[in-house]
Every structure is written in C-alpha cells, then in structure tokens.
Amino acid sequence: MANNQGFLSRMLMDDALPIDASSQAFEFISSTLKRTKTFTHSNGMRGHRDRLDHRVAQTGERVNGVLTMNPSVTEIDRLLPRMLGTAGPPASVGPTIPQFYICQDKVETIELFHKCVISTWSISGTSGQPLTFTFNIEGEKSDDSTVAAWPAITIDTEEMFVMSDVTITLASGVRTFNSFTLSGDNMVDTERQLNSLTRSEIPAQDSNITLDLTMPQNGNTGLRGAKSPVSGEAPVVPAITGTVVISDSVTTYTVSTGKLIALTPATEDVSAKSEIWTPLQYGLFKSGATSQCTITKT
C-alpha cells in the first residue's frame with residue numbers, strides 16, 4: 001500500500017456553506033490547521049486512585065493553525081477582505097473581519113473548518129525569493145468527511161509575486177532593502193466561549209499593523225526612529241509617509257497609510273567585516289481621513 005504524501009492535499013475556502021463547485025481553490029505551502037478539544041475529570045475522593053470514565057467531560061473545542069502561501073492575484077483578491085475587514089476594492093481596515101469556511105483534503109480525510117477568521121497575517125519577502133503570505137487562523141469547530149466528493153475546481157494559472165516586484169517608498173525616497181515584513185494583528189478575542197463547547201464569536205477588537213525592514217545602513221537619514229529629547233523636553237517621534245508597492249507590470253497592489261511612525265530606534269549589529277544592515281520597524285497609523293492601511297489594486 002502506498003504511503004500518503006502531502007502533495008495530494010488540497011484546500012478550498014468559501015464565505016458560506018455548502019462547499020461546492022462555486023468555492024475558491026487555493027494553493028498552499030503548509031497548513032497546521034487542526035481541531036483541538038479540552039476535557040476535565042472529577043478530582044473527587046472515592047477510596048482509590050483509579051480515574052473513572054464516567055467522570056470525564058468535554059469542556060471545549062476550537063480550531064486554530066497557521067497557513068502559508070505564495071498567492072496569485074486571484075488568491076490575493078480573495079484574501080484581502082478577510083485580512084483587513086472591508087470588501088473593497090480597495091481593501092482597508094474595517095470595523096469587523098468576516099468569518100469563512102476552510103475545507104482541506106488531508107488525503108485520508110476531508111476536514112471542514114467552520115467560522116474561521118484571520119487572527120494575524122503577514123506579507124514578507126527576502127532577496128531572491130517569492131513573497132510569502134502567512135495567516136494565523138482561529139475557528140469555531142471542524143467536521144470530518146462532511147464533503148462526500150471533492151468539487152471539480154482547478155487552481156488559477158496566474159503567477160506568484162517575487163521580491164523584485166516590491167518597491168518601498170519612505171519619506172518620498174525609494175529605498176533599497178534586503179527583506180521586509182508587513183504584518184497585521186486583528187486582536188481577536190479567542191476566549192469568548194460563554195456557556196458553550198465552542199466559541200460563540202471570535203470578534204476583532206483592535207488593529208495593529210507594522211512594517212519591518214532590513215536596509216543598508218547608509219542613506220537612511222531621517223528614517224532612524226525616535227530622537228533623543230533634550231533634557232526636560234518630551235521625546236520627538238518622527239512621522240513619515242510611505243507606500244509599499246507590489247507590481248509584476250500587469251497587476252499592482254499599493255499599500256498606503258496615514259502615517260508611519262518608527263517604533264524602535266535603529267540599532268545595528270557590527271559583527272563582521274561585511275556590510276552593515278539597519279533593522280527598522282514602523283507602525284501604521286490613521287491620519288485624518290486616511291486609513292491606517294489601504295491596499296489598492298490597479
């Protein structure tokens with residue numbers, strides 16, 4: 001008998017049930033999405049040490065895990081509203097994030113994950129590599145073998161994005177960089193279980209979005225974070241404008257924000273004779289009517 005191999009696994013998503021031929025197919029790099037259950041056992045005294053099967057009760061069930069992808073344009077368009085909250089276009093930070101369903105063919109079984117939300121997300125790139133999207137997923141519950149037959153859906157034939165497709169502008173200057181990560185935390189409440197075995201809701205309660213960069217040390221004047229205050233003065237936190245543009249000359253995604261604020265002063269490690277690199281981290285903030293994060297497709 002042949003061993004089951006990971007390349008046979010498949011994934012679908014949908015905003016509502018049932019999972020069928022209208023659902024969305026996704027290629028994925030890895031998935032740790034799974035169901036976990038919690039149990040309790042009576043700790044009472046009963047004249048012996050043996051634990052009794054009739055004193056065991058389930059107390060909870062939840063779904064969580066991490067998905068990684070190198071998505072295409074079609075896949076990105078499907079993911080952006082689930083990442084930020086608004087249907088778009090353009091996609092921007094909304095008051096809520098939508099729930100959706102994930103169906104994964106795990107070869108031996110088909111598992112359906114109910115009422116999932118994206119808890120955290122990141123878009124990252126390293127020199128010479130494809131862009132990677134990473135998602136922390138939280139969900140209500142899962143069912144095994146609820147889809148009798150896998151729908152006849154094919155994955156799109158579009159190309160993925162690579163690091164050379166990315167341009168970052170900070171303080172009106174186009175910057176060179178060795179790696180970047182744009183990440184968001186929807187600050188979901190993962191403990192709203194109430195009097196139920198599953199979480200009744202997984203609401204978003206805040207939005208924290210950051211941009212991390214590793215850049216050459218030279219040529220970064222004005223980008224280096226909070227300035228040291230003169231004695232008796234309040235710290236000065238410089239706010240700059242900036243964009244992240246992902247473009248393959250056919251499709252362009254522009255990430256814009258109200259203001260970027262350096263969250264940590266730049267501190268370089270000098271540990272070798274080679275080039276010195278500067279790590280920078282910026283927080284994305286709403287400024288006036290301009291959203292904290294807006295992703296526009298052109």
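The values are calculated or read from the model by the stated rules, or taken from the named source; none is laboratory data. Note that the structure is predicted; figures quoted are calculated from it, not measured. Neighbour counts run over all protein chains shown; Cβ positions are idealised from the backbone, glycine included.
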Scan of the stretch 60-96 for residues that are of a type in the set (Gly, Ala, Ser) and within 15 Å of the chain's Cα centre (by Cα), ordered by number: GLY65, GLY85, ALA91, SER92
Considering residues of the stretch 268-298 that are hydrophobic (A, V, I, L, M, F, W, C) and over 24 Å from the mean Cα position of the chain (by Cα) only, the residue nearest to ILE76 (Cα to Cα): ALA289
Residue in the stretch 12-34 that is exposed (fewer than 11 other Cβ atoms within 10 Å of the Cβ), assigned to a loop (DSSP other than H, G, I, E, B) and on the phi > 0 side of the Ramachandran plot present: no
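Checking the conditions here, which among GLN5, GLN99 is in contact (Cβ under 8 Å) with a residue 60 or more places away in the chain, more than 14 Å from the chain's Cα centre (by Cα) and more than 28 Å from ASP185 (Cβ to Cβ)? Break it down stepwise before answering.
On the way: GLN99 fails: more than 28 Å from ASP185 (Cβ to Cβ).
Matching residue, one of GLN5, GLN99: GLN5.
Do we find a residue being surrounded by 15 or more Cβ atoms within 10 Å (Cβ to Cβ), part of a strand (DSSP E or B) and in contact with an Asp or Glu (Cβ under 8 Å, 6 or more places away or on another chain) anywhere in the stretch 209-223? Don't jump to the end; show me each part of the working.
Going through the stretch 209-223, the residues surrounded by 15 or more Cβ atoms within 10 Å (Cβ to Cβ) turn out to be 209-215, 220, 223.
Within this subset, residues satisfying the condition of being part of a strand (DSSP E or B) are 209-215.
Retained after the next criterion (residues that are in contact with an Asp or Glu (Cβ under 8 Å, 6 or more places away or on another chain)): 209.
Within the stretch 209-223 (the criterion being surrounded by 15 or more Cβ atoms within 10 Å (Cβ to Cβ), part of a strand (DSSP E or B) and in contact with an Asp or Glu (Cβ under 8 Å, 6 or more places away or on another chain)), the answer is yes, since at least one residue qualifies.
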Test: residue in the stretch 40-52 that is modelled with pLDDT under 95, surrounded by fewer than 18 Cβ atoms within 10 Å (Cβ to Cβ), outside any loop (DSSP other than H, G, I, E, B) and in contact with a Lys or Arg (Cβ under 8 Å, 6 or more places away or on another chain): yes
Any hit, the stretch 236-245, residues being at pLDDT below 65, more than 28 Å from the chain's Cα centre (by Cα) and either more than 30 Å from PRO90 (Cβ to Cβ) or not aromatic (Phe, Trp, Tyr) (or both): yes
Scope the stretch 76-110; condition farther than 25 Å from THR290 by Cβ and in contact with a Leu (Cβ under 8 Å, 6 or more places away or on another chain); matching residues: TYR101, ILE102, CYS103, GLN104, ASP105, VAL107
Selection from the stretch 198-208 of residues that are modelled with pLDDT under 95 and either surrounded by 15 or more Cβ atoms within 10 Å (Cβ to Cβ) or part of a strand (DSSP E or B) (or both): THR198, ARG199
